[in-house]
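Step one of this worksheet: look at the structure below.
No lab work stands behind these numbers, since they all come straight from the coordinates. Remember, predicted model here, so these are calculated numbers, not experimental data. All Cβ positions, even for glycine, are placed from backbone atoms using ideal geometry, and neighbour counts span all protein chains on display.
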Amino acid sequence: MFFQQLVNGLAVGSIYALIAIGYTMVYGILFFVNFAHGDIYMLGTYCAFFIFGFIGIETTGGVISVPQFFAALLPSMLICGAIGMGLEKFAYRPIRNGSRLSAMISALGASLFLCNTAMYLFGSQTKPMPKLFAGEYFTIGGAIVSYIQTAVLIVSLVLMAALHFFIRHTKLGKAIRAVSDDQRAAVLMGIDMDRVISATFAIGSALAGAAGIMVGIYYGAVYPTMGAVAGIKAFTAAILGGIGNIPGAMVGGVLLGIIESLGGAYISFGYRDAIAFFVLIIVLCLMPTGILRKGRT
Amino acid sequence: MEESSPMKLEVEQLTAGYGSIEALHGINLSCSSGEMVAVIGSNGAGKSTALNCICGVVPASYGEVLLDGRDILDEPPHRIAMMGIAQVPEGRRVFPRLTVLENLEMGAYIVRDKAVFGERLEFVYNLFPRLSERQRQNAGDLSGGEQQMLVIGRALMRNPKFLLLDEPSLGLAPMVVENIFEIISGLVGSSEVGIIIVEQNAAMALSIANRGYVLENGRITMEASADELICDERVKAAYIGG
């Protein structure tokens, strides 16, 4: 059972990791928690839902092919990236020089706005999502590994590797790190803060969108409030890894997924969410800088 | 080679300061390309504020900053950097989690031409060979002197028209300071860059500058050639000591 829960935890955890990256990147630059991030993840699932509808896939009991999955993934990521940029422009940029408290309140407002807009436009009831692969699986060492779990893991890893490359080796990626290290010094280099912040929101939101689609397909459901719990769990993952630290968010996400799965299996499945929040409290009390520190500043 | 007329950076009636910012009460100063100007004064006199206003990172309430006659005071700081004004901020402010090379790359953020970047990198590495030895290390792991070299090199990466140095000697050992000042003074002789250096270490700054200003409580109280200032009894008593 241990190995089985490890596999389950890895799949869910890689999704937490994808969402956590957005929290941590924004925090690394602007020092506030973008509470609307979970709602962007939710919008990502809806994007995919409508794209599947548009290309004529039966959502109830329907099965999509791998190309159809990517046909939904890429546009949804783009749309979520654009929504993230819009969110920053309208909800955060006008108050950027204000206190962090006003940014946080604006974030809470934006979260409510996005969630309720989704309820108004798409209805508050849960809608079914089609499946990727019709429940096929293989077994390793007694653990059942479904194709969809494998796909989630592979897609997440590829996206995280791409992000890592972008942040490490491209000019814009280095500028994002420079701004995160020292804003004033970065501006003196001729780095356009607006552009860097916009890019940060676009990337984080696109990754959240990708996570949203995969969760929608994995659990077969989409509903307007799905961003709340996933959002706070990913936030926990970001804290666990050390907020502001991108590799930390990746590690924290995977770790949280595994802790949650094992806890759910060995303690009680009903306590799964409680375990995640217990982790949040423990980390905040005992090691508020996370397992990987942001590094010296 | 084409001979261009020297560029001029002029500050007129610059007024600033509220809250925690040191005040400026309408200061005038200027610097031409190829010239080195020292601004000396005690802590809190407004030296850093003056440089920060020129770079657009601190708002001015009144006055003008003219770059070749064009007022740049209302431009955002990254635009001012792109126009060729580079500030080396007080307290060094390297990007600690970026490598030395990445810091230099950020210095050349506005340089698009790869060949130009290569030339600038070679220039900076020639100036500070230490940086090339440490190029793969995180800037946060360098010594204070090396960090000061890095931030000066970083600013030079974009071949600025004007270089503004804010307290480059602060917190460094005397030998290191001497080394760095030697390199700075070499820049004046060998390039077109105009340098404004703000220093508490007045003797050191005046020894390599062409002209100097004394800034007291947000006002320019003296303006003269560096040689005159160095010999002035009042300057000696207040800023040089002994």
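Sorted from fewest to most neighbouring beta carbons within 10 Å, what does the list A:Y27, B:Y18, A:Y223 look like?
With the fewest neighbours first, A:Y27, B:Y18, A:Y223 line up as B:Y18, A:Y223, A:Y27.
For A:F50 and A:A143 in the same chain, what is the full-extension length gain: residue separation times 0.36 nm, less their Cα-Cα distance, in nm?
Stretched fully, the A:F50-A:A143 segment lengthens by 30.1 nm.
Size of region A:13-169 along its principal axes in angstrom, Cα-based, largest extent first?
53, 39, 27
For a Förster distance of 41 Å, can you work out the FRET efficiency between the beta-carbons of A:A228 and A:K171, rounded to the nearest 0.05?
Efficiency computed from Cβ-Cβ geometry: 0.65.
Roughly how far apart, in whole Å, are the Cα centres of region A:31-66 and region A:1-27?
Spelled out, the Cα-based centre of one part sits 18 Å from the other.
Roughly speaking, what is the centre-to-centre gap between region B:175-230 and region B:46-85 when only Cα atoms are used, to the nearest Å?
20
Suppose R0 equals 56 Å. What FRET efficiency, 1/(1 + (r/R0)^6) with r the Cβ-Cβ distance, do A:H164 and B:S190 give to the nearest 0.05?
0.85
So what's the convex hull volume per residue for the Cα atoms of the protein assembly as shown, in Å³?
Looking at the protein assembly as shown, the number lands at 178 Å³ per residue.
How many nm is it between the label spots at B:M83 and A:I105, if each spot is 7 Å from the Cα in line with the beta carbon?
Distance between the two pseudo-spin positions: 3.7 nm.
Tell me the angle of helix B:174-190 to the major Cα principal axis of chain B, expressed in degrees between 0 and 90 and rounded to the nearest ten.
The helix B:174-190 is inclined about 90 degrees to chain B.
Under the rule of -39500 (n - 2.57) per DSSP H run of 4 or more residues, summed and divided by the residues of chain B, what mean residue ellipticity at 222 nm is obtained, to the nearest 500 deg cm²/dmol?
Details: 9 runs with 85 residues, N = 242.
Mean residue ellipticity, 222 nm, calculated: -10000 deg cm²/dmol.
When only alpha-carbon atoms are used, what values of Rg and Dmax, in angstrom, describe region B:29-116?
14.8, 43
Report the gain in length on full extension from A:F269 to A:L157: 0.36 nm times residue separation, minus Cα-Cα distance, nm rounded to one decimal.
That works out to 37.6 nm of additional length.
Please list, short to long, the whole-number percent of alpha-carbon pairs of chain A in consecutive 10 angstrom bins beginning at zero.
Histogramming chain A at 10 Å steps yields 7, 28, 36, 22, 6, 1 percent.
Using only the alpha carbons, work out the radius of gyration and Dmax of region B:52-188 in angstrom.
Calculated on Cα positions, Rg and Dmax stand at 15.1, 46 Å.
Would you mind counting up the charge near B:I197? Only other residues with Cβ under 14 Å from its Cβ, with Lys and Arg at +1 and Asp and Glu at -1.
Net charge around B:I197: -4.
If you build a Gaussian network model of chain A, linking Cα atoms that sit under 10 Å apart, which residue out of A:I57, A:I176, A:I21 swings the most?
A:I57
Find the eigenvalues of the gyration tensor of the Cα atoms of region A:201-297, then list the square roots of 5 times those eigenvalues as equivalent ellipsoid semi-axes, largest first, in whole angstrom.
They are 22, 19, 10 Å, listed from largest to smallest.
Pairs A:K174/B:K161; B:K47/B:K161; A:K89/A:K174; B:K47/B:K114; B:K8/B:K47: which exceed 27 Å Cα-Cα?
B:K47/B:K114
Once you've got the GNM for chain B with C-alpha springs shorter than 10 Å, pick whichever of B:L150, B:L98, B:L229 has the biggest mean-square fluctuation.
B:L98
Give the span of region B:49-92's Cα atoms along each principal axis, as three whole-Å numbers ordered largest to smallest.
The Cα atoms of region B:49-92 stretch 30, 22, 15 Å along their principal axes.
Mind checking which aspartates and glutamates have their C-alpha under 20 Å from A:K127, skipping anything on the same chain fewer than 8 residues away?
Cross-link targets: A:D39, A:E58.
Local charge sum around A:S102 (other residues, Cβ-Cβ under 13 Å, Lys/Arg +1, Asp/Glu -1)?
Working: positive: A:R93, A:R96, A:R100; negative: none.
So the surrounding residues net to +3.
Choose one answer from A:T200, A:T170, A:T59: the residue with the largest mean-square fluctuation in a GNM of chain A with alpha-carbon springs under 10 Å.
For chain A, modelled as a Gaussian network with Cα springs under 10 Å, the answer is A:T170.
Quick one: the Cα spread of region A:159-246 along its three principal axes, in angstroms, biggest first?
48, 22, 22
Give the share of C-alpha pairs in each 5 angstrom bin for region B:8-240, from 0 to the last occupied bin, in whole percents, shortest bins first.
Whole-percent P(r) values from 0 Å outward: 1, 7, 15, 19, 20, 17, 12, 7, 2, 0, 0.
Neighbouring Cβ atoms within 10 Å as the yardstick, rank A:S99, B:S207 fewest first.
Working: A:S99 10, B:S207 14.
Going from least to most buried by this count: A:S99, B:S207.
Taking other Cβ within 10 Å of each residue's Cβ, how do A:Y147, B:Y213 sort, fewest first?
Going from sparsest to densest Cβ surroundings: A:Y147, B:Y213.
Taking the 0 to 90 degree range and rounding to the nearest ten, how far is the long axis of helix B:144-156 tilted relative to the main principal axis of chain B, both from C-alpha atoms?
Its long axis makes an angle of about 90 degrees.
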